[in-house]
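Undergrad: A single structure is presented below for examination.
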Amino acid sequence: MKKRILILLLSCLILTGVFAGCSEKKEVKETEVETVEIPENVDPSDYYGCWKYAEDEEWIVIKEDGNYEMYDIEGILITSREYIPTPDGIYIPEMDITLYFDDRGVLCTDDGFEMMKTKEPK
């Protein structure tokens, strides 16, 4: 009889340990959810709107939905794609450029062009 009680107690201890181990693993899995972070020092809303190249007749419209539109001299849509906020500014993958504000507050491209805020070319 004592053996049965001892076996029952040991079984309960083992099961308690197993269940405790399972609940710990579940908590670890829940905390491993991957999140996308927007860089702290770039606010995409600063870039929203229509911007014209100072030296050229092309426009880029940065939209709130995470996309941009590029227009040519005649106001014809060239491309509409997604931009990526980065710690340095707004990255345009298809053109391989980053838009950023310089120390004067002027929107610039990392390939040396300045842009000014304007109305859409439509």
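Read-outs throughout are calculated quantities, based only on the coordinates presented, and are distinct from any laboratory measurement. What you are looking at is a predicted structure, and each value in this text was computed from that prediction instead of being measured. Methodologically, a virtual Cβ is constructed for each residue, glycine included, from the backbone with ideal geometry; neighbour enumeration extends over all protein chains shown.
Undergrad: So, counting K/R as plus one and D/E as minus one, what does the shell of residues with Cβ under 12 Å around Asn67 add up to? Display every interim value, and only then the final one.
TA: Values: positive: Lys63, Arg81; negative: Glu64, Asp65, Glu69, Glu82, Glu94.
Residues near Asn67 contribute -3 overall.
Undergrad: Work through the residues other than Arg81 whose Cβ is under 10 Å from its Cβ and net out their charges, Lys, Arg +1 and Asp, Glu -1.
TA: For residues surrounding Arg81, the net value is -3.
Undergrad: In addition: Below 13 angstrom from the Cβ of Lys117, what's the summed charge of the other residues (Lys, Arg +1; Asp, Glu -1)?
TA: Working: positive: Lys52, Lys119; negative: Asp46, Glu114, Glu120.
Overall, the nearby charge balance is -1.
Undergrad: Dimensions of region 79-122 along principal axes (Cα, Å, largest first)?
TA: Result for region 79-122: principal-axis Cα extents of 29, 27, 16 Å.
Undergrad: Which GluC sites (Glu not before Pro) from region 61-122 combine a DSSP loop assignment with at most 15 other Cβ atoms within 10 Å?
TA: Counting only loop positions with at most 15 other Cβ atoms within 10 Å, the GluC sites (Glu not before Pro) in region 61-122 are Glu64, Glu74, Glu94.
Undergrad: Report the FRET efficiency, 1/(1 + (r/R0)^6), for Val106 and Ser80, where r is their Cβ-Cβ distance and R0 is 35 Å, rounded to 0.05.
TA: Using R0 = 35 Å, I get an efficiency of 0.90.
Undergrad: Next up: Fewest Cβ neighbours within 10 Å first, please rank Thr109, Thr118, Thr86 accordingly.
TA: Thr118, Thr86, Thr109
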